[in-house]
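Asks: Please see the structure below; I have some questions.
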Amino acid sequence: CHGMGCLGAALDPGMEHPPCAALGPPGSTCLDVETLLPSRMGFGASDLPAELMLRHIAAFGGSSEVQTRAPLSPAPTAEVPGEACRSLAALHGPSPSSSTPGAEQREKQYRAHRGFGDRRDGVISARTYFYADEAKCDQHMETFLHCIDASSGSSENGFSAIKLTALGRPQFLLQFSEVLVKWRRFFHQMAAEQGQAGRAVLEMKLEAEKLQEALANLGIATKAESQHWFTGENLGMSGTVDLLDWNSLIDSRTKLSKLLLVPNMQTGQLEPLLSHFTEEEDLQMKRMLQRMDVLAKRATEKGVRLMVDAEQSYFQPAISRLTLEMQRRFNRDQAIIFNTYQCYLKEAYDNVTVDVELSRREGWCFGTKLVRGAYMEQERERAAQIGYEDPINPTYEKTNEMYHRCLDYILEEIKHSRKASVMVASHNEDTVKFTLRRMMELGLHPSEKKVCFGQLLGMCDQITFPLGQAGFPVYKYVPYGPVNEVLPYLSRRAQENRGVVQRANRERDLLWREVKRRLLAGTLFAWGLLCLYL
């Protein structure tokens with residue numbers, strides 16, 4: 001893979017690691033993070049082959065993983081930033097408001113805005129893809145396929161990450177997200193009318209008969225039509241409709257471009273969000289889904305776990321739904337497809353609980369990566385300027401609470417079913433300690449490999465390597481490529497974490513203690529020779 005990428009090394013407890021005084025025996029879940037010492041610092045890798053990079057890390061941990069991305073680059077000249085989020089009809093035809101009943105009901109968050117067309121603004125921590133044409137999307141797919149193959153060749157437990165905005169015109173994700181949000185709000189409004197406002201999302205259950213009457217009164221569907229929708233096959237025998245039933249109902253009666261129909265509570269009609277897709281747009285949408293299918297099949301064939309990265313909140317509902325559909329198909333026996341949940345979002349816990357419950361009902365394996373989030377500054381500015389509710393938790397502390405709440409829910413699910421898997425992608429020591437404590441309390445042994453950890457190369461080595469020594473599956477994300485492309489990726493935490501300076505001081509102190517320990521032990525010279533050799 002050319003340009004910048006990310007390699008991840010999974011540390012093997014069977015290999016000898018640099019000594020660390022805080023470690024218990026291999027496989028132990030007792031880890032004192034407060035006294036951990038860094039075994040080594042990260043390094044740049046502008047021109048080193050991927051195999052050499054992995055061998056360097058494998059010297060302290062065995063098997064390797066690959067997680068690769070294409071290079072950071074300017075927006076292609078073929079696209080004016082933001083244009084690919086608008087329909088061809090909107091770009092070249094009359095204003096939607098003059099021909100589309102639902103245009104006036106558009107949600108501000110899910111409309112394309114020129115001022116935020118360049119999605120790189122304020123984001124240094126994540127790769128941004130711009131739509132150029134279908135051929136470029138095919139090139140991205142080939143790059144992802146190469147990464148899957150590389151991951152398979154380096155380890156039996158490989159990971160590869162993809163971004164859906166690399167696989168198609170983002171207009172589809174934007175519009176599909178709005179449809180999903182509108183239908184979900186419609187469900188909540190119906191629940192409120194049945195006296196269930198304020199309940200947890202999975203506790204809201206609409207009486208099917210009352211819902212049928214409401215739909216008929218609104219003119220959305222006759223009672224006969226809705227009776228056909230609400231069958232025992234769709235809803236079971238409970239006579240009630242919860243959010244999962246509601247989502248399944250939407251899936252069963254909507255296909256591709258017909259997805260863009262939403263309920264208008266003022267008129268009582270199902271209305272198109274925009275003018276109908278052109279034939280080319282319909283093909284673009286189908287190709288995007290086909291590319292996803294190709295990648296998921298290759299990952300399954302190669303035994304590689306495929307992580308779908310989270311993106312901006314206005315794309316995320318569609319990204320999560322499409323990922324969920326892949327999980328339904330490919331996660332029958334083990335978690336192959338992993339969704340990503342951004343815990344700085346206010347709705348993160350609701351999203352996690354709903355998707356876990358769906359996996360229970362349908363019997364597939366839930367796979368997830370938990371992150372705090374990479375687009376905070378951009379999201380806040382966009383919400384403030386355009387005029388919709390800020391989707392981000394108000395404080396860093398609230399985000400920490402959300403992260404631990406979501407993580408605890410998933411750990412409980414692992415305890416009860418052993419069909420879920422989670423990557424704790426965090427540099428936060430408190431989060432790592434919380435995870436280890438809960439794993440011990442719930443009887444989750446690291447050898448089961450249901451819980452793994454991930455950090456960036458060169459950051460929090462005082463956590464990464466002791467975790468590997470103690471027997472936990474832990475991954476190092478290793479950027480490689482030109483220095484000017486690697487450095488912005490490595491700087492992600494400087495913008496996201498307000499305590500980065502204090503943490504850097506702590507890591508410097510730990511490093512100095514480790515240097516002194518090696519000087520006294522007489523191992524520093526040998527370590528320097530190894531680094532020069534590599």
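Asks: Cα-Cα over 29 Å: which of 297/346; 210/286; 136/302; 182/398?
Replies: Those over the limit are 297/346; 210/286.
Asks: If you take the beta carbon distance between residue 286 and residue 520 as r and set R0 to 45 Å, what does 1/(1 + (r/R0)^6) give as a FRET efficiency, to the nearest 0.05?
Replies: 0.10
Rule-based calculations on the coordinates, nothing more; no lab input. Predicted, not measured: the structure shown is a model, and the values here were computed from it. Glycine gets a Cβ as well: all are built from the backbone with ideal geometry, and neighbour counts include every protein chain shown.
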